[in-house]
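K.L.:
Structure incoming, see below.
The values are calculated or read from the model by the stated rules, or taken from the named source; none is laboratory data. The shown structure was predicted, so the numbers you read here are calculated from the model rather than taken from an experiment. As a convention, Cβ positions derive from the backbone with ideal geometry for all residues, glycine included, and neighbour counts pool all protein chains shown. Remember, those area values only see protein heavy atoms, side chains included, never the ligands or the DNA or RNA. Shrake-Rupley method; radii C 1.70, N 1.55, O 1.52, S 1.80 Å.
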Amino acid sequence: QQPVQSPQAVILREGEDAVINCSSSKALYSVHWYRQKHGEAPVFLMILLKGGEQKGHDKISASFNEKKQQSSLYLTASQLSYSGTYFCGTEGRNFGNEKLTFGTGTRLTIIP
Amino acid sequence: DVKVTQSSRYLVKRTGEKVFLECVQDMDHENMFWYRQDPGLGLRLIYFSYDVKMKEKGDIPEGYSVSREKKERFSLILESASTNQTSMYLCASRDPGGATEAFFGQGTRLTVV
């Protein structure tokens, strides 16, 4: 089953912050985050492996709450280059089951 | 530079035709995936392959089949194309073991008329 993302779409002004949420109905082994710009392939941002783990680079970070089977992506002081559609991807806890299932996507638009 | 290459960017086929979408990766990855991307529905997994000749159904396998005869190549087959299979199709590959980065191809925009 696909993880569910919220919000579906968000419009921000440059410099504002955004949070994108990802929720799964199954126990998770890992959560991935990808960004896709219009007409391009999705590009990897980060993977979170352990419950409670937080990762980030530059002004984009993420957290993983293993118990709640949820992850959140944080974009701080957004830049025009952050525009695109963000996808979370999840893997289940059954070792060897390496299906990577993606969410419904969140379209982020940054305006000057 | 790592590469996942899909054979066509755009494809137009007629209803009832047999359609082959090809994907080739040059990273020696064991895992390969086919996804379908539709507005509001995100990326939905059609099929997954974890080794040559090995495959598993994803969330929406109906109307599709796959073939993996060589490690680097993963083909998606529409046995009898229908208009509701008009979509963007994305191929991806990655190393096994879980929690590894997936690399995507540029996508094939398939229109069935």
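K.L.:
Checking residue A:1 against (1) more than 8 Å from every other protein chain (Cβ to nearest Cβ); (2) modelled with pLDDT under 95; (3) in contact with a Lys or Arg (Cβ under 9 Å, 6 or more places away or on another chain), which test does it fail?
P.N.:
Among (1) more than 8 Å from every other protein chain (Cβ to nearest Cβ); (2) modelled with pLDDT under 95; (3) in contact with a Lys or Arg (Cβ under 9 Å, 6 or more places away or on another chain), the lone unmet condition for residue A:1 is (1).
K.L.:
Please verify whether the range A:47-58 includes one or more residues that are out of contact with any Asp or Glu (no Cβ under 7 Å at 6 or more places or on another chain), closer than 14 Å to residue A:105 by Cα and either basic (Lys, Arg) or touching a residue at least 40 places away in the same chain (Cβ under 8 Å) (or both).
P.N.:
no
K.L.:
When the range B:8-63 is examined, which residues are found to be more than 9 Å from every other protein chain (Cβ to nearest Cβ), among the hydrophobic types (A, V, I, L, M, F, W, C), without any contact (Cβ under 8 Å) to a residue 60 or more places away in the chain and in a strand (DSSP E or B)?
P.N.:
Across the range B:8-63, the qualifying residues are B:20, B:24, B:34, B:46, B:54.
K.L.:
Go through (1) farther than 25 Å from residue A:47 by Cβ; (2) at the interface with another protein chain (Cβ under 8 Å from one of its Cβ atoms) and name the single condition residue B:92 misses.
P.N.:
(1)
K.L.:
Among the residues in the range B:64-79, are any open to solvent by 10 Å² or more (accessible area, probe 1.4 Å) and within 12 Å of chain A (Cβ to nearest Cβ)?
P.N.:
The answer is no, given that none of the residues of the range B:64-79 is open to solvent by 10 Å² or more (accessible area, probe 1.4 Å) and within 12 Å of chain A (Cβ to nearest Cβ).
K.L.:
Here is a list of conditions, (1) touching a residue at least 12 places away in the same chain (Cβ under 8 Å); (2) surrounded by 15 or more Cβ atoms within 10 Å (Cβ to Cβ), and residue B:96 meets all of them except one; can you say which number that is?
P.N.:
In the conditions (1) touching a residue at least 12 places away in the same chain (Cβ under 8 Å); (2) surrounded by 15 or more Cβ atoms within 10 Å (Cβ to Cβ), residue B:96 misses (2) alone.
K.L.:
Output the residues belonging to the range A:60-82 that are part of a loop (DSSP other than H, G, I, E, B), touching a Lys or Arg at 6+ places or on another chain (Cβ under 8 Å) and free of Cβ contacts under 8 Å to residues at least 60 places away in the same chain.
P.N.:
Answer for the range A:60-82, where residues must be part of a loop (DSSP other than H, G, I, E, B), touching a Lys or Arg at 6+ places or on another chain (Cβ under 8 Å) and free of Cβ contacts under 8 Å to residues at least 60 places away in the same chain: A:66, A:69, A:76.
K.L.:
Being assigned to a strand (DSSP E or B), out of contact with any Pro (no Cβ under 7 Å at 6 or more places or on another chain) and more than 13 Å from chain B (Cβ to nearest Cβ), is that true of even one residue in the range A:42-55? Can you show your working first?
P.N.:
Let us first name the residues in the range A:42-55 that are assigned to a strand (DSSP E or B), namely A:43-48, A:54-55.
With the extra rule that they be out of contact with any Pro (no Cβ under 7 Å at 6 or more places or on another chain), the set shrinks to A:43-48, A:54-55.
Within this subset, residues satisfying the condition of being more than 13 Å from chain B (Cβ to nearest Cβ) are A:54.
Yes: one or more hits.
K.L.:
Separate question: Which ones in the range B:1-48 are within 12 Å of the chain's Cα centre (by Cα) and on the phi > 0 side of the Ramachandran plot?
P.N.:
Those that are within 12 Å of the chain's Cα centre (by Cα) and on the phi > 0 side of the Ramachandran plot: none in the range B:1-48.
K.L.:
Being without any contact (Cβ under 8 Å) to a residue 60 or more places away in the chain, more than 9 Å from chain B (Cβ to nearest Cβ) and either surrounded by 20 or more Cβ atoms within 10 Å (Cβ to Cβ) or of a type in the set (Val, Ile, Thr) (or both) is the filter here; which residues of the range A:83-112 pass it?
P.N.:
Once the filter is applied, which keeps residues that are without any contact (Cβ under 8 Å) to a residue 60 or more places away in the chain, more than 9 Å from chain B (Cβ to nearest Cβ) and either surrounded by 20 or more Cβ atoms within 10 Å (Cβ to Cβ) or of a type in the set (Val, Ile, Thr) (or both), the range A:83-112 yields only A:84.
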